[in-house]
Structures are given as structure tokens and as C-alpha cells.
Amino acid sequence: MSSLTAGHVTAATDATGITTITFFHPAHNSLPGAILAQLADTITRLGQDQATKVIILQSEGERTFCAGASFDELRAVADSAQGLAFFSGFAHVINACRTCPKLIIGRVQGKAVGGGVGLAAATDYCLATTHAAVKLSELAVGIGPFVVGPAVERKIGASAFGQLAIDATQFRSAEWAASHGLYAEVLPDLATLDAAVQALAQRLAASSPDAMRELKQVLWAGTEHWDTLLVERAAISGRLVLSEFTRAAIGR
């Protein structure tokens, strides 16, 4: 199995209506197009599933939540159409989270880079461990956090987003991310994180589905244009990934 197709997305729903979506890729939970498509499809499908009351979004492993875009797939981009298609995968995942009528809890057990920060920002309530440092690394490889930017900025504000986007080689601590609103709480270890995620999920699973659906719409008010905006942003990244600077930076 090639590095472009390795990995998987799974989903399981328990008797109380808590559905856990888990993604995995052997390269530090990076996100090739196939995984992005599976994530978007799974979130959309479960949003319409009557048995699902609340969703937990998580990755496998202990120290890396998500390394962002797959460099193998970036190297494989041959033209702007392929670039648009790949980066649109991130747009589809963010928009699937945004339009899903169920509340989504993010469980971030370790470092989040690039698109991984966007994925955390696209959840409705995100919990993390002290190991969950964040970095928007895109500018360092000649691209920019264009697609995930609206989701990240919505959570942490324009100033903090600018700090992450400009200082693209610097990790910011989980505590920094929490102080700016990306994480609701930072827990000391994985066991404590899982206990907190499950406790919140159980409370939400016992809450009114109608009330949660209405609250979700309120929380995401003003983002209705993202179906267009994020694809437009994907086109920017899709062009820049073909530049000589980016080709050199990603080792092609």
C-alpha cells in the first residue's frame, strides 16, 4: 500500500448515541486526499444519522494529533487543477464540520500542524493534553494557511492567527492555544483527556437534539459563504504548491 493510500477513517456509535470518528495515517496522522475525502463523507453521513447524538473527532496514537497535508501527495501535484483538488479536500472537511447538525467534540492528544490546526478549529468544542502544541507551517514551505485560515481565525482571532501564520516554524504551546480559544481545556495526560471528553459527550448525548442543532447554527452564523470561500482559498494553495520555492521546500 502506498503512502498516498495508507491509513483509514473509522466510526463507531455506542448505545447512548456517542459516535467516535477516528482517523489514522502512518506518517504522523498526515492527511492525503483519500483520508480527507473519507473524513468529509463520514462527518456528513453521521450528521444525518438518527442514532448519533454527538460526535467525537480524534486520531490514533499518543503524541501527534495531525501533521497536516501529506507531503507525498503535495509532491505528486502536477498542475493547478490537481492542486485545487487536493486542497479542496481540507475545505470539504471543514465545511462538513460546519454544516453537520450534531455538535462535534475535538480530542487532541498531541501536536497539531497546518491542516491539523484547522481540523481542531473546525470542531465545536475542543479538549487537548499539554502535548498538543500547534503550528501553522504552511508559509515556511511557500504556501500559506489559506484554506484552514477562516476556521482558525474564527476560533482564536485575527491577531493570534496572524502570529501563527507568520511565525511558521514556531510551535505554540497547548496552553497558548487554550488562552486564545482554540482549546476549551488542557488536560495533563491522555487518561484525563479521555475522561473529560467522555464526560462531556455523555452530557451532550442526554441533551435536547433540537436545542443542540439550533445552538450549532448560532455558533457558526456568518460562515454561510464558506462553501465558496474555502474553495477559492484552495485554488491559491493549489497554484503556490507548483512554485519552485515550494518544490524545493518539500523535497521534489
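The values are calculated or read from the model by the stated rules, or taken from the named source; none is laboratory data. If you're wondering where the values come from, they're calculated on a predicted model, not measured in any experiment. Cβ: placed from backbone, ideal geometry, glycine included. Neighbour counts: every protein chain shown.
Could you tell me how many of the residues in the stretch 215-252 are aliphatic (A, V, I, L, M), more than 22 Å from Asp79 (Cβ to Cβ) and either touching a Ser or Thr at 6+ places or on another chain (Cβ under 8 Å) or not in a helix (DSSP H, G or I) (or both)?
Here is the first cut: in the stretch 215-252, the residues aliphatic (A, V, I, L, M) are 215, 218-219, 221, 229-231, 234-236, 240-242, 248-250.
Going one step further and asking which of them are more than 22 Å from Asp79 (Cβ to Cβ), we end up with 215, 218-219, 221, 229.
Subset that is either touching a Ser or Thr at 6+ places or on another chain (Cβ under 8 Å) or not in a helix (DSSP H, G or I) (or both): 221.
Number satisfying all stated conditions: 1.
Consider the stretch 114-128. How many of its residues are crowded, with 24+ Cβ neighbours inside 10 Å and either among the acidic types (Asp, Glu) or part of a strand (DSSP E or B) (or both)?
3
Just checking, does the stretch 235-245 include any residue being surrounded by 12 or more Cβ atoms within 10 Å (Cβ to Cβ), without any contact (Cβ under 8 Å) to a residue 24 or more places away in the chain and either under 23 Å from His92 (Cβ atoms) or in contact with a strand residue (DSSP E or B) (Cβ under 9 Å, 6 or more places away or on another chain) (or both)?
no
Looking for whichever is of a type outside the set (Lys, Arg) and either touching a Phe, Trp or Tyr at 6+ places or on another chain (Cβ under 9 Å) or under 19 Å from Leu182 (Cα atoms) (or both) here; the options are Ser59, Ser80, Ser88. Which one fits? Outline the logic, then answer.
Numbers: Ser80 fails: either touching a Phe, Trp or Tyr at 6+ places or on another chain (Cβ under 9 Å) or under 19 Å from Leu182 (Cα atoms) (or both); Ser88 fails: either touching a Phe, Trp or Tyr at 6+ places or on another chain (Cβ under 9 Å) or under 19 Å from Leu182 (Cα atoms) (or both).
Answer to the check: Ser59.
Does the stretch 172-180 contain at least one residue that is in contact with a strand residue (DSSP E or B) (Cβ under 9 Å, 6 or more places away or on another chain), surrounded by fewer than 19 Cβ atoms within 10 Å (Cβ to Cβ) and polar (S, T, N, Q)?
Yes, because at least one residue in the stretch 172-180 is in contact with a strand residue (DSSP E or B) (Cβ under 9 Å, 6 or more places away or on another chain), surrounded by fewer than 19 Cβ atoms within 10 Å (Cβ to Cβ) and polar (S, T, N, Q).
For Phe87, state whether it is modelled with pLDDT of 95 or more, aromatic (Phe, Trp, Tyr) and over 26 Å from Arg239 (Cα atoms). Quick ask: steps written out before the conclusion?
Working: modelled with pLDDT of 95 or more: yes; aromatic (Phe, Trp, Tyr): yes; over 26 Å from Arg239 (Cα atoms): no.
Here the answer is no, as Phe87 does not meet what is asked.
Return yes or no: is Glu62 more than 27 Å from Ala249 (Cα to Cα) and modelled with pLDDT under 95?
On the way: more than 27 Å from Ala249 (Cα to Cα): yes; modelled with pLDDT under 95: yes.
Against the criterion (more than 27 Å from Ala249 (Cα to Cα) and modelled with pLDDT under 95), Glu62 qualifies.
Given Ala184, Ala206, which one is within 24 Å of Thr99 (Cα to Cα), small (Gly, Ala, Ser), surrounded by fewer than 17 Cβ atoms within 10 Å (Cβ to Cβ) and in contact with a Phe, Trp or Tyr (Cβ under 6 Å, 6 or more places away or on another chain)?
Working: Ala206 fails: in contact with a Phe, Trp or Tyr (Cβ under 6 Å, 6 or more places away or on another chain).
Going through Ala184, Ala206 in turn, just one is within 24 Å of Thr99 (Cα to Cα), small (Gly, Ala, Ser), surrounded by fewer than 17 Cβ atoms within 10 Å (Cβ to Cβ) and in contact with a Phe, Trp or Tyr (Cβ under 6 Å, 6 or more places away or on another chain): Ala184.
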